[in-house]
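Below: the structure, in C-alpha cells.
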Amino acid sequence: RVDGIILLGQQLMPETYDRIVDWDVPMLSVTQSPNAGERDIPSIDLDWTELYRQAIQHLKDNGHTRIGYMTDAESSCYHVNRLQSFQEAMRAEVLALQQDALLSGGGRLENASGIFQRYVEKHPGELPITAMICSNDLMATGVLDGCKRKGILVPSQLAILGSEDILM
C-alpha cells in the first residue's frame, strides 16, 4: 500500500496524471505543473516572482537596468511559469522588458550557448543588455560559455544569474 506520492519536479504526461489520480492516493507536486493543477493535485513551489524581484533589485543596485531573460518556453511549463514571474518582477521594479532579449535556450547548456552567441552576433558593438537571468543553471552556464566564445567579459560587460542552484 502507498500512503502518498510526492512528485519532485516531474512534468508527467496528462495520461500518467490521470492514471495516478485513479489510484486515489494523496499527492503533492513540488513545483507548479498545469497538468497537475488541472487535476486538483496540490503543489508547492518557490515564489519565483519575489525571488526574481530580489534578484532584479540586486542587479539594479549594481547599475543594471537592461536585463535579458533566457528560458525554455517551448518544452517546459516550469520555465513558462518562471518567465511570467520574471516579467511580473520587471514590472514591479519598473524596468522595461527587453523583448528582443527574451531568449529560449531549450533548457540545455549547448542550446543556450548557441542561442546567446547568435544574439551577440545580431548586436555588434555593445550588447543592449548588461545582465541576463536564466530560468535554470544549465542555460546560465551556456550563456557564460557563449560569452567566453564571443569575448564578452563577465561580470564587467554582462552579469549572469542562474535560477536553480544545481550541483554541477
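Heavy-atom accessible area for Val94, with the other protein chains in place and a 1.4 Å probe, reaches approximately 120 Å². Summing +1 for each Lys or Arg and -1 for each Asp or Glu among the other residues whose beta-carbon sits under 12 angstrom from that of Leu51 gives -4. Remark: relative contact order (the chain) = 18 percent; criterion is Cα-Cα distance under 8 angstrom and separation of 6 or more residues.
State the extension gain, in nm to one decimal, for the chain segment bounded by Gln87 and Arg108, taking 0.36 nm per residue of separation less the distance between their alpha-carbons. Let's see the in-between values first.
Working: separation 21, 0.36 × 21 = 7.56 nm, distance 2.15 nm.
Taking Gln87 through Arg108 to full extension adds about 5.4 nm, to one decimal.
Restricting to DSSP loop positions (anything but H, G, I, E, B) with no more than 14 other Cβ atoms inside 10 Å of their own Cβ, which GluC sites (Glu not before Pro) remain in segment 84-168?
Details: sites: Glu88, Glu93, Glu110, Glu121, Glu126, Glu164; in loops: Glu93, Glu126, Glu164.
Answer by residue number: Glu126.
Between Glu121 and Glu50, the distance separating the two model label sites (each 7 Å from Cα on the Cα→Cβ line) works out to 4.3 nm.
Normalising the Debye intensity of the chain to I(0), with uniform scatterers on Cα atoms only, and taking log10 at q = 0.11 Å⁻¹ returns -0.50.
Only protein heavy atoms count here; under a 1.4 Å probe, Asp3 has an accessible surface of about 120 Å². Between amide H atoms placed 1.01 Å from N, distances below 5 Å from Ser43 occur with Ser29, all of them 5 or more places distant or on a separate chain. Here the gap between Leu97 and Ser156, fully extended at 0.36 nm per residue and compared with their Cα-Cα distance, gives a gain of 19.1 nm.
Here's the picture: charge each Lys and Arg Cβ at +1 and each Asp and Glu Cβ at -1 in segment 65-151, and of Thr65, Gly125, Gln84 the one pushed furthest to the positive end of that dipole is Gly125. Looking at segment 1-94, the trypsin sites (Lys or Arg not before Pro) that sit in a DSSP loop and have at most 16 other Cβ atoms within 10 Å of their own Cβ are Arg1, Arg39, Arg66.
The values are calculated or read from the model by the stated rules, or taken from the named source; none is laboratory data. Keep in mind that what you see is a predicted model, and the values were worked out from it rather than measured. Methodologically, a virtual Cβ is constructed for each residue, glycine included, from the backbone with ideal geometry; neighbour enumeration extends over all protein chains shown. The accessibility values were calculated without ligands, DNA or RNA, using every heavy atom of the protein model including side chains. Shrake-Rupley method; radii C 1.70, N 1.55, O 1.52, S 1.80 Å.
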